[in-house]
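Read the structure below first, then the notes.
Read-outs: derived from the displayed coordinates by stated rules, not from any lab. Every value quoted in this text rests on a predicted model; they were computed, and no experiment measured them. Positions of Cβ are generated from backbone atoms using ideal geometry, with glycine treated the same way; all protein chains shown enter the neighbour counts.
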Amino acid sequence: MHELSQDNRINLYSCGMKIIARLLFMFCSLLLMNATAQTEWNPEKANNWYAQQAWLRGCNFIPSTAVNQLEMWQQESFDTATIDRELGYAESIGFNCVRVFLHHAAWQVDSAGFKNRVNRYLAIAQRHGIKTMFVFFDDCWNAGYQTGQQPAPKPGVHNSGWVRDPGKLLYQNREALYPVIENYVKDMLTTFKNDERILLWDLYNEPGNSGNGARSLPLLKKVFGWAREVNPSQPVSAGVWLSLFSRLYSFHLHHSDIITYHNYGNRKIHAAVIKKLKKQHRPLICTEYMARTLNSTFFNIMPLLKEENVGAINWGLVDGKTNTKYAWAAPMPGGGEPKVWFHEIFHADGTPYNMQEIQLIRSLTGK
């Protein structure tokens, strides 16, 4: 064998080092992927968790005295008396869980006070036998917001004061915003990661809504990453709401521990969605349904969800400042009484909107 020249030896050495570097990179990437995967729930763990729960039934909850998430959580408007009374209405019909929206701006003003108020809320909910699913981010309704006094509701307009999170800030100065909302998510998850009063973390409500489309995907990916770093004992999810944005839809399905979803269709449409989502072999929780004028009602949907062992969380509990008894696209500027309520179950004084609905709900919950 002839001796290699010095140049050939240098080239061979260089090639060898490149191969070693690539192998090391692949090895480290596999380790990182494995570490991340260890925090994600496999279907067996997810189904075991779900089997330990009673059939989950409840509502999206905000006290009737709050027009939006900020008014619910800010110190000056945090209304424990109303929260206590209205969660009592939920308890009276056998609800055992609620879905509640947070907002990073209220945390940013006073993180310690915000967490204290969340803890006080959880204590009230626990007294009523209710667990909570908290929502971090949201792409629905008003893009801008400010802390402090919130606007009065516009008469007859559905969710006139509801605000997105982080809203337009996400597209105005993303690099400045990300450290703030990362600290927010991690602080909340770290503080409450082992709190048994919390059922599940819903990381992002309807990403892509309000015309954002796939622009919401980077934040969706980031919030899942932040959650996996903290690794809470509760499952994490982000609800499937529209398959039009295919990349978002795929990300939801492949990164949520429990599959949550929204559907305001009739029984036939809703049943088809359940059939499709069950192919993931994970538990299902419907985190939004029940819009009476769209033929998504307690009478035709709630029994279906119980039959299919799907969690049932409707939109709305008590008629109040959110104005969600009015339909999305059918404002009544005079603020009169709609012929048929879109959402909500009770008047503010606890009188049922429809006593037959109450009887049905109680029959299904065993209350």
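Numerical summary
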read-out	value
Length-normalised contact order of the chain in % [C-alpha pairs under 8 Å, at least 6 apart]	20
Ellipsoid equivalent to region 180-274 - semi-axes via the Cα gyration tensor, in Å	25, 17, 10
Helix axis angle, 355-365 relative to the chain longest principal axis, alpha carbon, degrees	40
Long-range amide H partners of C140 with built H, under 5 Å	D165
V157 paired with L242, simple spin-label distance in nm, labels 7 Å along Cα-to-beta-carbon	2.0
Principal-axis tilt of helix 80-92 within the chain, Cα atoms, nearest 10 degrees	80
Cα gyration tensor category, rounded, prolate or oblate, for region 109-199 with a/c compared to 1.5	oblate
Region 251-299 shape via C-alpha gyration tensor axes, a/c threshold 1.5	prolate
Beta bridges by DSSP in the chain, antiparallel share as percent, to the nearest 5	10
3J(HN,Hα) from dihedral phi, region 298-310, Karplus parametrisation 6.51/-1.76/1.60, rounded to Hz, x for glycine, proline	4, 5, 9, 9, 4, x, 4, 5, 5, 4, 8, 6, 9
Karplus (6.51, -1.76, 1.60) ³J(HN,Hα), θ = phi - 60°, over region 144-158, in Hz, Gly and Pro reported as x	x, 6, 8, 6, x, 4, 9, x, 5, x, 7, x, x, 10, 4
Range of Cα positions in the chain per principal axis (Å), largest first	97, 45, 37
Kirkwood-type radius of region 255-355, with distances r between different C-alpha atoms, in Å	14.6
Additional length obtainable on full extension of the chain from E308 to N119, 0.36 nm per residue less Cα span	64.7 nm
Other-chain or far-sequence residues with amide H under 5 Å of T324's (modelled H)	N159
Using alpha-carbon coordinates, inclination of helix 217-230 to the longest axis of the chain, degrees	80
